[in-house]
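Below is one structure, written out as structure tokens; comments come after it.
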Amino acid sequence: MCQLLGMNCATPTDVTFSFRGFSQRAGITSDHCDGFGIAFFEDKACRLFVDNQSAVESPIAELIRNYPIKSRNVIAHIRKATQGKINLENSHPFSRELWGRQWIFAHNGDLHDFNPTLSGHFTPVGNTDSERAFCYLLDQLVLKFGYHEPKPDQVFDLLAEISPPIAEHGTFNFCLSNGQALFTYAITKLHWLVREYPFKQAQLIDLDVEVDFSQVTTPEDRVAVITTEPLTQNETWTAFVPGEMILFQDGRPVRKQQTHVERLERERLNPALKRISKADQY
């Protein structure tokens, strides 16, 4: 299973601490070593770094670990390939322009027999189920809203409607952002927390590193961190409920919705129907 890291902040914040722990899972504390990527938003545009080397070995990842780029929205991904070759075009996050903004998407999971008809406005560059799902989501946004950019609440409503049918095809955990907000969805594993005043110390699970955030923050700072598995051992993380979608803005969750995924209900009633894919094993 690939792993996701998202960050949504009230004020521009660097992701160095979280990324240092997260990147250890790309070959040291776990084996998600088939590529990595990270995107930092700066208003409508973003800095996007991807590499088909692991986040442990990549010189680009080493730069990110030591260069505190500040942003209000960040999405990172470490890959354990289940579909598509290990190459640059299949490395998450993926990026597309829509309504004069960059949209960034990263997916954790494995979608089977997911071959939707695409309009041609958004075409996959690589051959992953993840990028195909991203193009489909953007197609649906354009189909619904046309040339008029919707508000984050409207995007959330549409995502909550169209994500469950995609999840019928397999594990569909994702982070999506346009720089205004962070949209998150989980079928299996995602966790989140909010760091805010009064700030405390945090200690990484994957690395012997501790930071006292009260020494490096202000009362105006607030950060929501979203990740596949908790990154710290002395903070309280909240697990997503399967089928839950959460919208983060200004460093906190502002909307939650529990979606209905028929496949999950069938598997609950009959556990023998549950399909364990490679994405769920890693």
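None of the figures in this text is laboratory data; all of them are computed from the coordinates on show. Only a predicted model underlies this, so the values are computations on that prediction, with no experimental measurement involved. Here Cβ is always computed from backbone atoms with ideal geometry, including for glycine, and neighbour counts include all displayed protein chains.
For this structure, a couple of remarks:
- Dipole axis of the stretch 78-186 (+1 Lys, Arg; -1 Asp, Glu on Cβ), positive-most option in 167, 143, 125: 125
- Note that the stretch 37-180 shows a convex hull volume over its alpha carbon atoms of 102 Å³ per residue.
- Relative contact order [Cα under 8 Å, 6+ residues apart], the chain, whole percent: 23
- Secondary-structure-derived ellipticity at 222 nm for the chain, considering helices only, amounts to -6500 deg cm²/dmol, per-run term -39500 (n - 2.57) for DSSP H runs with n ≥ 4.
- Each Lys and Arg Cβ is given +1 and each Asp and Glu Cβ -1; about its Cα centre, the stretch 3-281 then shows a dipole of about 240 debye.
- The packing ranking, built from the mean of other Cβ atoms within 10 Å per residue, places the peptides 237-243, 213-219, 8-14 in the order 8-14, 237-243, 213-219, highest first.
- Take the Cα radius of gyration of the chain and divide it by 2.2 N^0.38 Å, N being the number of residues; the result is 0.94.
- Local electrostatic count, residue 15, Cβ distance below 14 Å [Lys/Arg +1, Asp/Glu -1]: +3
- For the stretch 91-160, convex hull volume per residue from C-alpha positions, Å³: 99
- Net charge over other residues, Cβ less than 11 angstrom from the Cβ of residue 165 (K, R count +1; D, E count -1): -2
- For peptides 124-134, 58-68, sequence by mean Cβ density within 10 Å, most packed first: 124-134, 58-68
- Sorting the segments 265-272, 161-168 by their residues' average number of neighbouring beta-carbon atoms within 10 angstrom, most packed first, yields 161-168, 265-272.
- Charge context of residue 190, other residues only, Cβ under 13 angstrom, K/R +1, D/E -1: 0
- Straight-distance crosslink candidates among aspartates and glutamates, where the alpha carbon sits under 12 Å from residue 256 and sequence neighbours closer than 8 are dropped: 153, 157, 244
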